[in-house]
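**Student:** This is the structure, below, for whatever I ask next.
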Amino acid sequence: MKSIRELYRIGIGPSSSHTMGPQRAAKQFLERHSNAARFEVTLYGSLAATGKGHMTDSAILNVLNAQAPTEIIWEPHVFLPFHPNGMKFCAFTAEGECAEQWTVYSVGGGALAEEGDSLNDTPEVYEMSTMCNILDWCERTGHGFWEYVEICEGKEIWDYLAEVWNVMKAAIQRGLDAEGVLPGPLNLRRKAYSYHIKARGYKDSLHSRGLVFSYALAVAEENASCGKIVTAPTCGSCGVVPAVLYHLQKSRDFSDVRILRALATAGLVGNIVKHNASISGAEAGCQAEVGVACSMAAATASQLFGGSPAQIEYAAEMGLEHHLGMTCDPVCGLVQIPCIERNAYAAARALDSNIYSAFTDGHHRVSFDHVVEVMKQTGHDLPSLYKETGEGGLAKDYHQME
């Protein structure tokens, strides 16, 4: 597996696969054709179907138009075999000849691939890539998940995670202060501020739950407004992990050191899913985004509260298992409905997964690795209507109501 730096990407929303990935691809193509007279970019499948709502065209044009005129061609009903998020870049000379055609895929979390080959130059840093093997190592050595991360990544990973944590906290704070309407045709009002205020009027568990909702909403709304966030594991699910960690630090006074260790564990959990299945909504539905984020957050909560490696694995397993089959059906192709609310619910469900796990000794029948396998197969079985095409589910019903 690669570094968790590849999972936690700091960038601008609203979508890691539909905004960050295409923009990275455009920059790489421009480096190879800085003298091109014009560009042509064809977007396929999910990228074309919901690209306008995700501002895919803007992300590409902001890069290529600075050099030469660029045409975007939309092919929402053409799905390339390797991945639903396909792109074809063409650079033309002044004589009108095509200097190069490049087909590349945005495979989730901002990562790019060419027909199965990752375009990331970073090395494989984790020898073990399944939860079963890593859990067995923890039991044999007495170490925790975060210690395995440190061994594989080196102590410098803590500086990067500190930056990640600062960006996450800043997104929450900006989101809580912001009011008004989110960009796009839905005219959806921001809710984080009002949830935060209302939460203060309740006591104990309701107060706690309201605060968690507000923190998750704050980050998800910042993402929808093209604010600076961290993919955890994606832009569309970026509010879950920060909400849980921020709430637990403020309410339980956990130190930054312990928060960063929890972030490392969460990154390991997300990395296992990314390596063995998918974190792309276009490939496997929202179970691969919000479901994985819930799993990561559940693991962080369990670790912070002193869970054993087995209990942490159980919390992570529940966080993902109970999102199996969740469709990705963004209304108008925007990362707003139902995405923002799903971040809030998943944050609360992550805390519940930790509580449930804490009542057990960590032993259970269905392993985390098995749930990852099932998630991958479920994503394969889901019709394309429910994988970020904006043609089925809530997206279709909304247009019918209009």
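The values are calculated or read from the model by the stated rules, or taken from the named source; none is laboratory data. All of these numbers come straight from a predicted model, not from anything done at the bench. With ideal geometry, Cβ positions are generated from the backbone for all residues, glycine too; neighbour counts draw on all protein chains shown. With ligands, DNA and RNA removed, areas are computed over all heavy atoms of the protein, side chains included. Shrake-Rupley method; radii C 1.70, N 1.55, O 1.52, S 1.80 Å.
**Student:** To the nearest 20 Debye, how big is the dipole of the chain about its Cα centre, given +1 on the beta carbon of each Lys and Arg and -1 on that of each Asp and Glu?
**Tutor:** 1440 debye
**Student:** Which of the cysteines found in the chain have nothing to pair with, since no other Cys Cβ lies under 4.7 Å from theirs?
**Tutor:** Cys90, Cys98, Cys132, Cys138, Cys152, Cys226, Cys235, Cys238, Cys294, Cys332, Cys339
**Student:** What does the charge count around Gly110 come to, taking other residues whose C-beta lies under 13 Å from its C-beta (Lys +1, Arg +1, Asp -1, Glu -1)?
**Tutor:** +4
**Student:** Could you point to the residue in Thr360, Ala199, Leu112 farthest towards the positive end of the chain's charge dipole, with +1 and -1 charges on the Cβ of Lys/Arg and Asp/Glu respectively?
**Tutor:** Value computed over the given set: Ala199.
**Student:** What's the local net charge at Asn85, with K and R +1, D and E -1, over the other residues with C-beta under 11 Å away?
**Tutor:** With Lys, Arg at +1 and Asp, Glu at -1, the net is -1.
**Student:** Run lengths n ≥ 4 of DSSP H only: what is the helix-derived mean residue ellipticity at 222 nm for the chain, with -39500 (n - 2.57) per run over all residues, to the nearest 500?
**Tutor:** Here the helix-only value at 222 nm equals -16000 deg cm²/dmol.
**Student:** Going Cα to Cα from Lys198, which lysines come in below 24 Å? Please leave out same-chain ones fewer than 8 positions away.
**Tutor:** List returned: Lys169, Lys250.
**Student:** Additional query: Can you send over the carbon and sulfur percentage of the accessible area for region 40-111, probe radius 1.4 Å, protein chains only?
**Tutor:** Ligands and nucleic acids excluded, carbon and sulfur reach 49 percent.
**Student:** Ignoring solvent entirely, what values of log10 I(q)/I(0) come out of the Debye formula for the chain at 0.06, 0.09, 0.10 Å⁻¹ when each Cα is a single scatterer?
**Tutor:** -0.22, -0.50, -0.62
**Student:** Right, something else. Tell me the carbon and sulfur percent of the accessible area for region 160-280, rounded to whole percent, probe radius 1.4 Å.
**Tutor:** Percent of accessible area from carbon and sulfur atoms in region 160-280: 48.
**Student:** Still on this structure, I have one more. Under the definition of Cα pairs under 8 Å and six or more residues apart, what whole-number percent is the relative contact order of the chain?
**Tutor:** Taking the mean separation of contacting Cα pairs over the length of the chain, I get 19 percent.
**Student:** Run the 1.4 Å probe and let me know the accessible area of Lys250, rounded to the nearest 10 Å².
**Tutor:** For Lys250, the solvent-accessible surface is approximately 130 Å².
**Student:** Find the accessible area per residue for the chain; the probe is 1.4 Å, ligands and nucleic acids are left out, and the unit is Å².
**Tutor:** Result: 41 Å² of accessible area for each residue.
**Student:** For region 214-336, just list the percent of Cα-Cα distances falling in each 5 Å bin from zero outward, please.
**Tutor:** P(r) over region 214-336, rounded to whole percents: 2, 12, 21, 24, 21, 12, 6, 2, 0.
**Student:** For Lys376, give me every one of the lysines with a C-alpha distance below 28 angstrom, ignoring sequence neighbours fewer than eight places off in its own chain.
**Tutor:** Lys376 reaches Lys2, Lys52, Lys88, Lys274, Lys387, Lys396.
**Student:** Next question. Under a Cβ-Cβ cut-off of 10 Å, what is the net charge of the residues other than Asp369 that fall near it, where Lys and Arg count +1 and Asp and Glu count -1?
**Tutor:** Summing Lys/Arg as +1 and Asp/Glu as -1 gives -3.
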